[in-house]
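Student: This structure is in structure tokens; I'll ask about it shortly.
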Amino acid sequence: MSRTVYLNGEYLPEAEAKVSIFDRAFLMADGVYEVTSVLGGKLIDFDGHLARLERSLTELDMPKPAAFDELLEIHRKLVELNGIDEGLIYLQVTRGAPGDRDFAFPDPESCEPTLVLFTQSKPGLADSPTAKTGIKVISIEDIRWGRRDIKTVQLLYPSMGKMMAKKAGADDAWMVEDGAVTEGTSNNAYIVKDGKIITRNLSTDILHGITRAAVLKFAREAQMIVEERPFTIEEAQQADEAFYTSASAFVMPVVEIDGAKIGDGTPGGVALRLREIYLDESRKAGI
Ligand code: PMP
């Protein structure tokens with residue numbers, strides 16, 4: 001069945017939603033995005049995703065396409081129209097299609113932003129079999145630009161990183177800069193040592209994960225100790241556990257890094273507990 005998607009004020013069958021070849025995201029990756037998960041038909045961490053979207057837009061001096069209430073309504077309507085119980089909603093805002101190619105930003109008075117949203121149905125997202133076995137990662141150099149805190153659609157290197165992982169028989173890649181892990185290709189990275197949760201501190205070096213913020217809050221509420229600082233691949237390989245977080249995978253155990261087993265090579269207790277707490281609390285707070 002064809003999906004109904006949203007494009008610039010209209011709900012359309014996916015095949016009818018068309019964007020200009022002059023769109024700045026198509027020509028220059030001049031766009032930002034958000035991915036919100038849906039559990040039981042409810043939006044998870046929606047306020048956080050919208051707050052980060054606003055920040056990305058502000059940092060890039062990009063016009064806001066719609067008010068919070070309107071964006072919430074579009075998300076809800078797409079969930080309803082597409083009958084999404086578990087899945088994801090992708091939202092993208094671009095600087096629009098000025099009608100020609102030019103490095104300079106178009107005048108926001110005459111060039112409207114492009115707003116696109118679509119759903120991805122993923123039955124069984126929360127009960128993922130992968131979370132029960134854990135995943136393997138490799139390390140790769142982080143050669144991305146210096147404003148990784150802005151959620152832009154420049155995803156070529158992360159995409160190449162996934163392919164490098166696949167080729168190496170792994171599931172994902174953790175990126176390393178100046179000897180320390182920045183983050184995963186599409187997630188925030190953590191290790192656990194002697195009961196302490198260690199994850200890189202927030203800066204322009206990493207995306208400020210919405211799931212990261214929620215998981216760290218729940219961890220602290222559960223009296224777990226959290227240390228926000230960079231860590232190396234060697235430290236990760238000697239850790240008791242490793243995991244990552246993202247809106248599409250929640251809390252995902254990592255059981256192998258560059259061929260070295262983490263702990264006993266099975267998902268760790270802290271990661272599994274945080275996954276359970278995150279899913280329980282998110283379902284309760286979903287809107
Ligand atoms: N880092 C990167 C590079 C990402 O692409 C993502 C997911 N978009 C994350 C971290 C996790 O962020 P969130 O928890 O908001 O999905």
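Throughout, read-outs are computed from the coordinates displayed, never taken from laboratory work. Predicted model only: the values in this text are computed from it and were never measured. Here the Cβ is made from the backbone with ideal geometry for all residues, glycine too, and neighbour counts use every protein chain on show.
Student: Can you tell me the orientation of helix 156-167 relative to the chain, as the angle in degrees between its alpha-carbon axis and the longest Cα principal axis, to the nearest 10?
Tutor: 40
Student: With a 10 Å Cβ neighbour count serving as the proxy for reagent exposure, in which order, fewest first, do 243, 68 appear? Before the final figure, lay out the partial values.
Tutor: Details: 243 31, 68 14.
Going from least to most buried by this count: 68, 243.
Student: Let me ask something additional. Straight-line reach from residue 18: which lysines have Cα under 22 Å away, leaving out those fewer than 8 places along the same chain?
Tutor: Filter leaves 64, 77.
Student: Cα axis of helix 68-81 to longest principal axis of the chain: angle in degrees, 0 to 90, nearest 10?
Tutor: Helix 68-81 sits at roughly 80 degrees to that axis.
Student: Where both partners of a DSSP beta bridge lie in region 63-210, what percent of those bridges are antiparallel, to the nearest 5?
Tutor: Roughly 75 percent of the DSSP beta bridges within region 63-210 come out antiparallel.
Student: Assign one of three labels to region 64-217, namely rounded, prolate or oblate, based on the Cα gyration tensor with a ≥ b ≥ c the square roots of its eigenvalues; rounded applies when a/c is under 1.5, prolate when it is not and a/b is larger than b/c, and oblate otherwise.
Tutor: oblate
Student: State whether region 101-189 is rounded, prolate or oblate according to the following rule on the C-alpha gyration tensor (a ≥ b ≥ c being the square roots of its eigenvalues): a/c under 1.5 gives rounded; otherwise a/b larger than b/c gives prolate, and the remaining case gives oblate. Working shown, then result.
Tutor: Numbers: a/c = 2.80, a/b = 1.46, b/c = 1.92.
Since a/c reaches 1.5 but b/c is at least a/b, the shape of region 101-189 is classed as oblate.
Student: Taking H as built 1.01 Å from N, whose amide H comes closer than 5 Å to the amide H of residue 3, not counting residues under 5 places away?
Tutor: The list, which skips near neighbours in sequence, is 14.
Student: Moving on. Which value in deg cm²/dmol, rounded to the nearest 500, describes the helix-derived mean residue ellipticity at 222 nm for the chain, given -39,500 (n - 2.57) per DSSP H run of n ≥ 4 and division by the residue count?
Tutor: -8500 deg cm²/dmol
Student: Something else about it: Just name one of 244, 68, 182: the one whose Cα is farthest towards the positive end of the charge dipole of the chain (beta-carbon charges, Lys/Arg +1, Asp/Glu -1).
Tutor: 244
Student: Let me know the shape class of the chain, please: from the alpha-carbon gyration tensor, a ≥ b ≥ c as square roots of the eigenvalues, rounded when a/c is under 1.5, otherwise prolate if a/b is greater than b/c, or oblate.
Tutor: Because a/c hits 1.5 or more and a/b exceeds b/c, the chain counts as prolate.
Student: Right, another one. Starting from the Cα of residue 217, draw a straight line to each of the lysines and keep only those under 16 Å, dropping any in the same chain fewer than 8 residues away.
Tutor: Partners within reach: 196, 284.
Student: Please report the antiparallel percentage of the DSSP beta bridges confined to region 130-285, to the nearest 5.
Tutor: Of those bridges, close to 60 percent are antiparallel.
Student: Separate question: Explain nothing, just compute: Karplus ³J(HN,Hα) = 6.51 cos²θ - 1.76 cosθ + 1.60, θ = phi - 60°, for every residue of region 206-212 in order, whole Hz, x for Gly and Pro.
Tutor: My calculation for region 206-212 gives 9, 6, 7, x, 6, 5, 4 Hz in order.
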